[in-house]
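**Student:** The following block contains the structure, expressed as structure tokens.
The values are calculated or read from the model by the stated rules, or taken from the named source; none is laboratory data. Here the structure is a predicted model, which is why all the values come from computation and not from measurement. Neighbour counts are summed over all protein chains in view; Cβ atoms, including those assigned to glycine, are modelled from backbone coordinates with ideal geometry.
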Amino acid sequence: MVEIAEKYLDELKIANTQYVITKHIDKSHQHLHILANLVNNDGANINDNWTGLRSKKTAEKLTQEYQLITVQKKNIGLTNVNNLNEREKIKYKIYEAITNNLPQSATLNHLEKQLAKHGVETVYKYKGQTEELQGISFSLGKFKYKGSEIDRSFSLKNLQKTIANKQLKTEKKSTIPAIFTPHKSMEMQHKEMMQKE
């Protein structure tokens with residue numbers, strides 16, 4: 001793991017600086033976190049342009065090289081909740097509440113009402129003094145998180161997209177004409193249609 005971490009830093013050209021590699025045990029799969037000083041030992045800034053994109057490409061490269069398993073989706077079953085601090089535990093409770101209620105929610109308001117049953121408050125951020133939604137947060141007890149902080153798919157934009165896609169699917173289903181019903185024979189249905197004409 002240290003070898004992989006050092007290769008990762010080398011690929012990102014984070015060198016001649018202090019860094020810490022920590023192994024985390026909050027999930028059942030092995031993983032680590034890296035903290036690095038972006039001012040090197042000579043006092044010069046380390047270039048962090050496009051770090052997110054370069055980091056992703058480097059991680060993909062190392063995943064293939066070391067035949068690692070990529071995480072496709074957050075799996076709460078793999079998280080050792082007992083090892084988390086209180087703030088992280090609450091975040092996972094909100095994650096579970098949203099995950100369990102979003103599939104049945106036709107609107108953001110419906111999701112908000114469902115989450116309230118679990119003690120989760122939905123807080124909207126508006127643009128200036130307008131009614132234009134700009135962001136969404138969720139709170140439980142004394143902790144509050146932006147939607148994207150809980151999971152990227154829970155940002156306002158992504159929640160709206162998920163709900164809109166669900167509504168489109170529902171609308172498509174309701175506009176499909178019911179010409180034939182499966183319990184009648186095709187011949188019988190054809191006769192009925194001919195009589196109507």
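**Student:** Checking the condition over 23 Å from residue 90 (Cα atoms) and either in contact with a Ser or Thr (Cβ under 8 Å, 6 or more places away or on another chain) or free of Cβ contacts under 8 Å to residues at least 40 places away in the same chain (or both), which residue from 109, 165, 158, 100 passes?
**Tutor:** Values: 109 fails: over 23 Å from residue 90 (Cα atoms); 158 fails: over 23 Å from residue 90 (Cα atoms); 100 fails: over 23 Å from residue 90 (Cα atoms).
Every option except 165 fails the conditions.
**Student:** Go through segment 150-165 and give me each residue that's assigned to a helix (DSSP H, G or I), hydroxyl-bearing (Ser, Thr, Tyr) and under 10 Å from the mean Cα position of the chain (by Cα).
**Tutor:** Within segment 150-165, the first condition is being assigned to a helix (DSSP H, G or I), and the residues that meet it are 150, 152-154, 156-165.
Those left that are additionally hydroxyl-bearing (Ser, Thr, Tyr): 153, 162.
The one that is assigned to a helix (DSSP H, G or I), hydroxyl-bearing (Ser, Thr, Tyr) and under 10 Å from the mean Cα position of the chain (by Cα): 153.
**Student:** Consider residue 114 carefully, then state whether it is in contact (Cβ under 8 Å) with a residue 12 or more places away in the chain and polar (S, T, N, Q).
**Tutor:** On the way: in contact (Cβ under 8 Å) with a residue 12 or more places away in the chain: yes; polar (S, T, N, Q): yes.
Criteria met by residue 114.
**Student:** Let me ask something else. Filter segment 103-134 for residues that are among the small types (Gly, Ala, Ser) and modelled with pLDDT under 95; which is surrounded by the most Cβ atoms within 10 Å (Cβ to Cβ)? Talk me through it step by step, then tell me what you get.
**Tutor:** Filtering segment 103-134 down to residues among the small types (Gly, Ala, Ser) leaves 105-106, 116, 119, 128.
Filter again for modelled with pLDDT under 95, leaving 105-106, 128.
On the way: 105: 19, 106: 11, 128: 6.
My answer is 105.
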